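Asks: Okay, here's the structure, questions in a sec.
The values are calculated or read from the model by the stated rules, or taken from the named source; none is laboratory data. Computed from a predicted model, the values in this text were never measured in an experiment. Neighbour counts run over all protein chains shown; Cβ positions are idealised from the backbone, glycine included.
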């Protein structure tokens, strides 16, 4: 297998509309296989190491975060599925200062 084979496979994965992280994961798996084969002297080199991997779209998560004005204690209670506010307060490890209590807005 040569560098050209790996590039052709990478391009074929992109043509199938796979995401950049999926392509990176598959190339990494192939690179790991070749590293193993190199260690066992089954192949002389790893052709995947010289192939550029797709750049991730972003380093930030795609999960939408709430702004500070949206995350009151009632919303947190709802997310956690607690029947009453005292159960939600049980998970607050700051219990001693009222200004840091979950009855105030959640801070990130």
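Asks: Taking interchain pairs and intrachain pairs at least six residues apart, which have beta carbon atoms under 7 angstrom, with the first residue in segment 17-40 and under 12 Å from residue 55 (Cα atoms) and the second surrounded by 15 or more Cβ atoms within 10 Å (Cβ to Cβ)?
Replies: 20/54; 23/10; 23/13; 23/54; 24/53; 24/54
Asks: In addition: Does residue 57 satisfy the criteria of being in a helix (DSSP H, G or I) and either under 26 Å from the mean Cα position of the chain (by Cα) or modelled with pLDDT under 95 (or both)? Don't jump to the end; show me each part of the working.
Replies: Values: in a helix (DSSP H, G or I): no; either under 26 Å from the mean Cα position of the chain (by Cα) or modelled with pLDDT under 95 (or both): yes.
No; evaluated as a whole, the condition is false for this residue.
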